[in-house]
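For reference, the structure is listed below as structure tokens.
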Amino acid sequence: MKKALIATALLVLAFSAGAQRSQVSSRAKAVRMLAYARPEYQVKDVKVYADTMTVFCLSDYPIYPLGKWKTVEDYITNNQLQWYREYGYKTFFDTMTVAVNTLKRLDGTNINVYRSIWTNKLEMVAAKITDSEVVLDNGIHVGMSKEEVFKVIFKSYPKSYTADINALKVIAGTSEVGEIYTFKGNKLRHIQIISGYKYY
């Protein structure tokens, strides 16, 4: 009985130590990645949880992932892609209704934007991008390798740091808008743009 208790205690201690090492290595990885960030992204923090890395930055890239445009027509003319356009209204926080333009591609890619009366620019509501022809302002597009995507945000980094990362989140410092890059294997398969704007 005594031997069984000692064996159980040793097993629990070994498991706890392994879990602690894993947490420490995630924190260490995040700190190192922060040091590798490109200055133009103004990265303020990096978090690593399981297979997801979250980058918090102050640059305009996550806020205006398509670039800064005054009208939907300006964006469509500039990228020269065939879009199917819909107009409608979306409700925010159950109290506000905003006129939203939805741009769609045949593969199911859709981008929802509205023109802000405060900034005089197109602001993101949401987007789901699976079409490789849709290129973000930072040059990222579906089909890129994981390494190519990370090199847009980080100058250099140990490849082992991103080997088990399946999702990269780039969030604006205000946390109101961000991008989620989802990888399958070594390829970028999906880009999602999320927002939580409270004011029109």
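The values are calculated or read from the model by the stated rules, or taken from the named source; none is laboratory data. The structure presented is a predicted model; accordingly, all values stated were derived computationally and were not measured. Positions of Cβ are backbone-derived with ideal geometry, glycine not excepted, and every protein chain shown enters the neighbour counts. Quick note on the areas: whole protein, heavy atoms, side chains included, nothing else; ligands and nucleic acids left out. Shrake-Rupley method; radii C 1.70, N 1.55, O 1.52, S 1.80 Å.
Distance in nm between label sites at ALA163 and TYR84, each 7 Å beyond Cα in the beta-carbon direction?
4.4
Taking a threshold of 23 Å on the Cα-Cα distance, which of the pairs LYS70/LYS151; LYS104/LYS151; LYS68/LYS184; LYS29/LYS159; LYS159/LYS184; LYS68/LYS159 fall above it?
LYS70/LYS151; LYS104/LYS151; LYS68/LYS184; LYS68/LYS159
Cα gyration tensor of the range 119-163, axes a ≥ b ≥ c as square roots of the eigenvalues: rounded (a/c below 1.5), prolate (a/b > b/c) or oblate? Can you show the working numbers first?
Details: a/c = 2.76, a/b = 1.83, b/c = 1.51.
Taking the square roots of the gyration eigenvalues as a ≥ b ≥ c, the range 119-163 is prolate.
Under 5 Å between amide H atoms, partner at least 5 residues away or on a different chain: which partners does HIS190 have, H built in plane at 1.01 Å?
THR182
So what is the relative contact order for the range 27-152, in percent, with contacts set as C-alpha pairs under 8 Å and at least six apart?
Averaging sequence separation for qualifying contacts and normalising by length gives 17 percent for the range 27-152.
Quick one: accessible area per residue over the range 61-200, 1.4 Å probe, rounded to a whole number of Å²?
Here the per-residue accessible area is 52 Å².
Find, among the trypsin sites (Lys or Arg not before Pro) in the range 97-198, those assigned to loop by DSSP (not H, G, I, E, B) with at most 14 other beta-carbon atoms within 10 angstrom.
Those that pass, being in a loop and sparsely packed, are LYS155, LYS198.
Distance in nm between label sites at TRP118 and THR91, each 7 Å beyond Cα in the beta-carbon direction?
In this crude spin-label approximation the distance works out to 2.2 nm.
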